[in-house]
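The values are calculated or read from the model by the stated rules, or taken from the named source; none is laboratory data. All of these numbers come straight from a predicted model, not from anything done at the bench. In this analysis, Cβ positions are derived from the backbone assuming ideal geometry, glycine residues included, and neighbour counts consider all displayed protein chains.
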Amino acid sequence: MRVQSRESSNFEKELPSMLEHIWICACCGRQQNGLPLDFFASAPDQWFTIPEDRLSNPGNRLDENLCMIGGKDFFVRGCVEIPIVDHEKKFIFGLWVSVAEDNFKRVLDLWTADVENEPPIFGLLCNDVSLYPPTLGLKTSVRLRNNNQRPAIILEPTDHPFAIAQQNGVSLAKIEEMVATLLPHR
Ligand SMILES: [Zn+2]
């Protein structure tokens, strides 16, 4: 399922997390009975620039968690979690970061290990989240997590609006707006 939202993107909606919340979509005026809180990009943006006939080249690999392009660029999927002001739940962007080859191997080695005390890994954000000014290439720190949870992606605390959203959280009204943009529903 590829979401065709207005300007973006390659976002898809995760199934599990839906906030029970009735709201009126500002774009179409329709009532929505639930607010999905998980969206993800199915691949790093770079993946979508590979010509179709080269996707199956041996250096190119993509699954739900890991990606390699040209045998030399390595990507890990993680979660940028955005707190919702006055709510326990978080809005989650499943996004990709590029990491150094040795860190990529480390992620593989640690896949089922206890990573509680692992130092974070440096990563560059590899998806443009069209709701914000360009996010491609934002610096992040990637923290591995236990219990099959995808790594947490912490954006470098700059004054970029995406980083500010992660630091300060956003209002439920803002989440409605974001979902209206990300969700194909017209
Ligand atoms: Zn709408």
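Just to check your reading of the model, which residue among ALA113, ALA163 is of a type outside the set (Ser, Thr, Tyr) and in a loop (DSSP other than H, G, I, E, B)?
ALA113
Could you list, in sequence order, all residues of the stretch 143-186 that are more than 17 Å from the chain's Cα centre (by Cα) and of a type in the set (Ser, Thr, Tyr)?
Of everything in the stretch 143-186, those that are more than 17 Å from the chain's Cα centre (by Cα) and of a type in the set (Ser, Thr, Tyr) turn out to be THR158, SER171.
Assuming GLU177 fulfils every condition listed in (1) in a helix (DSSP H, G or I); (2) over 16 Å from LEU19 (Cα atoms) apart from one, which condition is it?
(2)
Quick one: would you say TRP96 is at pLDDT 95 or above and either assigned to a strand (DSSP E or B) or closer than 19 Å to LEU172 by Cα (or both)? If you could, list the steps in order and put the result at the bottom.
Details: at pLDDT 95 or above: yes; either assigned to a strand (DSSP E or B) or closer than 19 Å to LEU172 by Cα (or both): yes.
Spelling it out, TRP96 is indeed at pLDDT 95 or above and either assigned to a strand (DSSP E or B) or closer than 19 Å to LEU172 by Cα (or both).
Kindly indicate which of PRO83, PRO133 is assigned to a loop (DSSP other than H, G, I, E, B) and either in contact with a Gly (Cβ under 7 Å, 6 or more places away or on another chain) or loosely packed, with under 12 Cβ neighbours inside 10 Å (or both).
PRO133
Which of (1) modelled with pLDDT of 95 or more; (2) within 16 Å of the ligand (Cβ to nearest atom) does MET178 not meet, given it meets every other one?
Of everything listed in (1) modelled with pLDDT of 95 or more; (2) within 16 Å of the ligand (Cβ to nearest atom), MET178 misses just condition (1).
Can you name every residue in the stretch 49-65 that is farther than 24 Å from ASP109 by Cα and either of a type in the set (A, V, I, L, M) or in contact with a Ser or Thr (Cβ under 9 Å, 6 or more places away or on another chain) (or both)? Show your work before the answer.
We begin by selecting, within the stretch 49-65, every residue farther than 24 Å from ASP109 by Cα; these are 49-57.
ILE50, LEU55, listed by residue number.
Please return the ranges of strands (runs of 3 or more DSSP E) entirely within the stretch 1-59 where 1 or more residues are modelled with pLDDT of 90 or more and β-branched (Val, Ile, Thr). It would help to see each step written out before you state the result.
On the way: elements: 11-13, 18-24, 31-36, 38-41.
The strands (runs of 3 or more DSSP E) meeting that bar are 18-24.
Yes or no: the stretch 46-56 includes at least one residue that is of a type in the set (S, T, N, Q), buried (at least 16 other Cβ atoms within 10 Å of the Cβ), farther than 19 Å from ALA152 by Cα and touching a residue at least 40 places away in the same chain (Cβ under 8 Å).
The answer is yes; a qualifying residue exists.
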